[in-house]
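*Asks:* One structure coming up, written as structure tokens, with questions to follow.
The values are calculated or read from the model by the stated rules, or taken from the named source; none is laboratory data. This one's a predicted model, so the numbers in the text were calculated from it and none came from an experiment. When we count neighbours, we look across all protein chains shown, and the Cβ atoms used for this are built from the backbone with ideal geometry, even at glycine.
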Amino acid sequence: MGVKRVPEFEHSLLSLSNKILADFFVEPLYKPLPIPWPRARAVVLWTGDGLGRDVLQKVLEGDTLAFWKKRIQSSNGGVLPTDSVFPTTTASALATLHFAVPPSVHGALGYTLWDPELLTTINVLSAQDLLGKVLPSTIYKHRKTIYDRSAANHVKSWVISPASHSQSAFSQWVYHGALYCGYNSPSQIPGLVLSARKEEARFIVVYWPGFDRVGHLEGKDSLAAKKNLKMLDQMLQASEEKIGKDAGVRFVLTSDHGLIDLYREQYTIPGIFSRPFVDERRALYTDWNWIAMRRRLTRAGWHEALCVPVSQLWEEGYFGRVPADSRVLFRTLQSVIFPGDHQQLIMPGAEAPVMAAGHGGLTDQERQIFVSWWSISTQ
């Protein structure tokens, strides 16, 4: 795969979730993240969708996230470079974070997947096929989440996430074992964090999807993106102020993946969607033989595109170890196409034909994220 690097699972979302398990005295499933923090009585974990490490660097050079910057640079704060997983999609990354296992185990191998039993494409977030029909996919096989595992040690968990996500198949799958508290406005988040602490929740998870949404449509360096970061900073500060000097509480801010700007020409490949396809514009799995697909790419003039058999990704460990259940392997079809840097595939029926930024592929911008933290001081 050349310079495209396999996710470093021992320094990734996988190891972070296992570190949290270990901190709650739960036996980790994989090696925990080697991070220099003392144990905390309670953890407030924020996941900023789309906040790549390159965004972090720009923030550290400016004042967009002034409160967060001050906290992580304090004596009880810090930041550690980490990796997302592959593919660098929200479904794969969040499932890894909430199940504490790699994509090869939880099976959410992309934003959309081929269901070999239903013989159709399934949107992992909504359980819908391409026509919008909700189907009973086996993708959502019950498995223990980090909330289920922590509950065995009497750790109460709350998830604070958009109210509109509460009934989705994905939310019910990955948040099993936690109390779901939906917010209709970000301004409600600090009050919900306070309520969680009053109810003695020790593990509080806050999901912040806005930056990714704005980044897709207007770009990660757009004015709208900067405004979203400022709002996130305000909610972090307000949440800390709400719970006051609650000693022993650690705030953690991480991400699911980064974003890459998509400003170059877009791929259009005649006939490519005449066979089953899944996932998205930065990493497209197809039911075409990879050699035939490479020929199509060449004829279309897309010489920078990378096309390989999906079996190669499995063999090289991009998803984690090869699963015991062979049906999981069929979810990614035969071949995968990665457009060139800053390029995208034009997807049929997409909400926006052309995105300003995207993710799902193999570049550093999409894969590199971070874990930051600070503890509430009693001073």
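*Asks:* Condition first: touching a residue at least 12 places away in the same chain (Cβ under 8 Å) and either among the polar types (S, T, N, Q) or buried (at least 19 other Cβ atoms within 10 Å of the Cβ) (or both). Now tell me which residues in the range 297-310 satisfy that.
*Replies:* Residues satisfying the conditions are Leu297, Trp302, Ala305, Cys307, Val310.
*Asks:* Give the number of residues within the range 238-263 that are touching a Lys or Arg at 6+ places or on another chain (Cβ under 9 Å) and part of a helix (DSSP H, G or I).
*Replies:* Looking only at that region, the number is 3.
*Asks:* State which residue pairs qualify: first residue basic (Lys, Arg) and inside the range 353-379, second residue surrounded by 23 or more Cβ atoms within 10 Å (Cβ to Cβ) and modelled with pLDDT of 90 or more in any location, beta carbons under 8 Å apart, and separation of 6 or more residues or different chains.
*Replies:* Arg367/Asp83; Arg367/Ser84; Arg367/Phe86; Arg367/Thr88; Arg367/His257; Arg367/Gly258
*Asks:* Tell me yes or no: at least one residue of the range 209-232 is of a type outside the set (Asp, Glu), farther than 18 Å from Leu262 by Cα and not in a helix (DSSP H, G or I).
*Replies:* yes
*Asks:* Restricting to the range 282-340, name every residue that is charged (D, E, K, R), more than 16 Å from Gly361 (Cα to Cα) and assigned to a loop (DSSP other than H, G, I, E, B).
*Replies:* Asp287, Arg321, Asp325
*Asks:* Please give the number of the condition Lys230 fails out of (1) more than 30 Å from Gly107 (Cβ to Cβ); (2) surrounded by 16 or more Cβ atoms within 10 Å (Cβ to Cβ); (3) within 23 Å of the chain's Cα centre (by Cα).
*Replies:* The number of the failed condition is (2).
*Asks:* Please verify whether the range 333-346 includes one or more residues that are loosely packed, with under 13 Cβ neighbours inside 10 Å, touching a helix residue (DSSP H, G or I) at 6+ places or on another chain (Cβ under 9 Å) and either under 30 Å from Leu194 (Cβ atoms) or of a type outside the set (A, V, I, L, M, F, W, C) (or both).
*Replies:* no
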